[in-house]
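The values are calculated or read from the model by the stated rules, or taken from the named source; none is laboratory data. Since the structure is predicted, the reported quantities are computational estimates derived from the model, not experimental observations. All Cβ positions, even for glycine, are placed from backbone atoms using ideal geometry, and neighbour counts span all protein chains on display. Ligands, DNA and RNA are stripped out before the accessible areas are found, and what is left, the full protein with its side chains, is counted by its heavy atoms. Shrake-Rupley method; radii C 1.70, N 1.55, O 1.52, S 1.80 Å.
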Amino acid sequence: MATAYPDTHNSQNSLDWNGVYQGVVPCADCEGIETRITLKSDGTFLRSLKYLGKDPNAFFDQGNFTWDTSGSKIRLTGENGETQMYQVGENILFHLDKEGNRITGDLADNYKLIKNPTDPRLEGKKWVLVELRGKPVVQKEGSREGFIQFDMETSTASGNSTCNGFSGGYELKGQNQITFGNIAGTMMACPDMATEQAFYGVLKQADNYSIADTIMTLNKAKMAPLAKFVVGNQ
């Protein structure tokens with residue numbers, strides 16, 4: 001007689017749960033709470049809350065989260081000590097009530113945060129800039145290697161613009177669509193500032209990307225590639 005073993009698979013050990021989740025949950029005295037939560041593999045989180053129709057500024061905090069014994073729910077503990085529980089599903093967080101139960105009723109679908117799409121072909125690699133607007137990029141004296149990296153866990157793009165380091169948010173939207181948020185860089189002066197400005201211009205314009213083997217391009221609609229990159233050493 002075969003021995004039956006219990007199924008030990010759960011959200012904690014079976015899902016790629018780390019990443020960025022977003023949504024708008026109901027609010028008692030505002031139009032909704034625009035929520036963004038980043039769950040990191042080290043057990044920490046980043047969170048932003050914007051109370052729509054009430055405060056134009058977002059509230060930011062961070063802290064730790066713990067799993068329950070079932071491995072299906074997490075409890076976030078913010079900087080002020082307040083906690084919030086979520087059930088972790090595949091690419092989704094369910095906002096739970098104070099007792100840790102799923103919210104039911106007509107508004108149940110509004111208590112969900114959806115995980116940002118990811119693409120392992122793009123993320124976790126160092127992409128070295130080799131071409132801008134159809135022209136080869138040659139590293140000049142006093143300039144630095146231009147590159148960009150995409151961090152799936154935090155949805156942050158960072159790198160070097162051939163002069164200054166930079167970082168900022170990005171979002172994948174499926175079908176190779178991408179948008180970049182505000183990009184912030186250091187302010188060092190370099191001999192070739194034109195290449196840097198062109199690089200930043202590409203990040204502002206690009207709305208999609210393509211990948212073929214070790215080559216990645218950033219594009220605008222279906223026009224010629226704005227920039228071309230090759231996989232480099234980390």
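Annotation note: of A157, A212, the sole residue that is hydrophobic (A, V, I, L, M, F, W, C), closer than 18 Å to R121 by Cβ and loosely packed, with under 14 Cβ neighbours inside 10 Å is A212.
Within the range 50-62, residues that are more than 15 Å from T38 (Cα to Cα) reach partners that are open to solvent by 100 Å² or more (accessible area, probe 1.4 Å) with beta carbons closer than 6 Å, at six or more positions or on different chains, in the pairs L52/E31; G53/E31. Those residues that are touching a residue at least 24 places away in the same chain (Cβ under 8 Å) and not in a loop (DSSP other than H, G, I, E, B), I need them from the range 186-200; list them, please. M193, T195, E196, A198, F199, Y200 - these are the residues of the range 186-200 that are touching a residue at least 24 places away in the same chain (Cβ under 8 Å) and not in a loop (DSSP other than H, G, I, E, B). Here V202, V230 are screened, and the one residue that is modelled with pLDDT of 95 or more, of a type outside the set (K, R) and open to solvent by less than 30 Å² (accessible area, probe 1.4 Å) is V202. Annotation: V137 fulfils all but one of (1) touching a Leu at 6+ places or on another chain (Cβ under 9 Å); (2) of a type in the set (A, V, I, L, M, F, W, C); (3) at pLDDT 95 or above; the unmet one is (3). Scanning the range 177-185 for any residue that is in a loop (DSSP other than H, G, I, E, B) and within 30 Å of N18 (Cα to Cα) turns up nothing. Restricting attention to the range 15-52, the residues being modelled with pLDDT under 95 and either touching a Pro at 6+ places or on another chain (Cβ under 6 Å) or of a type in the set (G, A, S) (or both) number 1.
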